[in-house]
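The values are calculated or read from the model by the stated rules, or taken from the named source; none is laboratory data. All values reported here derive from a predicted model rather than from experimental measurement. Heads up, the Cβs are rebuilt from the backbone with ideal geometry, glycines too, and the neighbour counts pull from every protein chain shown.
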Amino acid sequence: MLQAINDTVVKMLSSSDFLQFHFLENPFMRYSDTRFFYPNLAEQRKVLEVAHGFIGDQKDPSKNLGVIAGPSGGGKSMLAMKLAETHFAYETRGNIFGLYMNTNTLTEPRHFLMAVIETLSLPSSRSNANRIESIFDRLEDSDDQLLIVLDGPPFDQDYLMQMLGWSVEHNKKIKTIIFLQDINNNTSNIGSLNQFLGLYVPFRAPDAVETASLMFARMMSAGHPDPLKLIPQETMLSLAEQSRGSLSEALRLGNDYLEKLLEEQKGSLRLGLLPFRPGAAT
């Protein structure tokens, strides 16, 4: 589903187009993984540091839920994936299993439980009652912990309530971080889950300089040896300013700019004009 959304938001360039621009892949595509995670956004670094501290804190077992709220298009999904991925890497050392879920993809409660089952490498079960029982048995019989990172409001709160309630009595073996769109510091869309809330962290949108730096870094990561020869610094900063703090919009604008360059190049070749000069688009 996420891929389908991406395809409608960002018009795809072909592989041959990327090669003409010296890219290995599209630097401005919204990928459903963390390959282009940019660690130098100050607000996002702060969020990760605070979240890591909360996850490692075993005090007050009744507070095992955190909420991180950011602006629309501000990079919440990438940040959520990175948080779950980071702790998944700790599995062999810290016995923390990280699970990322985009709640827009959950259409039935069983999908949530099945994702947890898969993360803990448990055999499949026929009913939700058996699924949640096997999850509790798995965690109770070991030192392992589960970190659930939800990208968006919970689709169904009942089973998450059960799991957090169980965790209160079992040394915070299940912790949950929910990433929400920031609406005036309001957590009303998590309903009764508020009783478990132990962390609330709002974060701001990146400024234009940070956004331009992210665009530059993505172009480097995608294989371009000198991004400023393709998109001059002034142009990149202008695109970042036009995005108004929305990283999603910045990626769309960056992709549109590459498309414009490509059309100019193709037009020059058809008309037999001078060779294409990167950075000439306006």
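Points to keep in mind about this one:
- Selection status of GLY223, crowded, with 21+ Cβ neighbours inside 10 Å, in the same structural domain as GLU25 (by TED's automatic domain parsing) and more than 21 Å from GLU43 (Cα to Cα): no
- Of the residues making up the range 173-194, those that are crowded, with 16+ Cβ neighbours inside 10 Å and at pLDDT below 90 are ASP182, THR187, ILE190.
- Meeting the requirement of 1 or more residues that are of a type in the set (D, E, K, R) and modelled with pLDDT under 95, the helices (runs of 4 or more DSSP H) wholly within the range 224-282 are 227-230, 247-271.
- Whichever residue in the range 37-56 is of a type in the set (D, E, K, R) and touching a residue at least 60 places away in the same chain (Cβ under 8 Å) and, among such residues, is farthest from LEU251 (Cα to Cα): LYS46
- Residue in the range 202-219 that is surrounded by 15 or more Cβ atoms within 10 Å (Cβ to Cβ) and part of a strand (DSSP E or B) present: yes
- Pairing each residue of the range 234-256 that is surrounded by 17 or more Cβ atoms within 10 Å (Cβ to Cβ) with any residue that is of a type in the set (Val, Ile, Thr) and at pLDDT 95 or above, provided the two are 6+ apart or on different chains, yields C-beta distances under 7 Å for ALA240/THR211; SER243/THR211; LEU247/THR211; ALA250/THR211.
- Residue match in the range 114-134 (condition: within 14 Å of the chain's Cα centre (by Cα), touching a residue at least 24 places away in the same chain (Cβ under 8 Å) and crowded, with 17+ Cβ neighbours inside 10 Å): no
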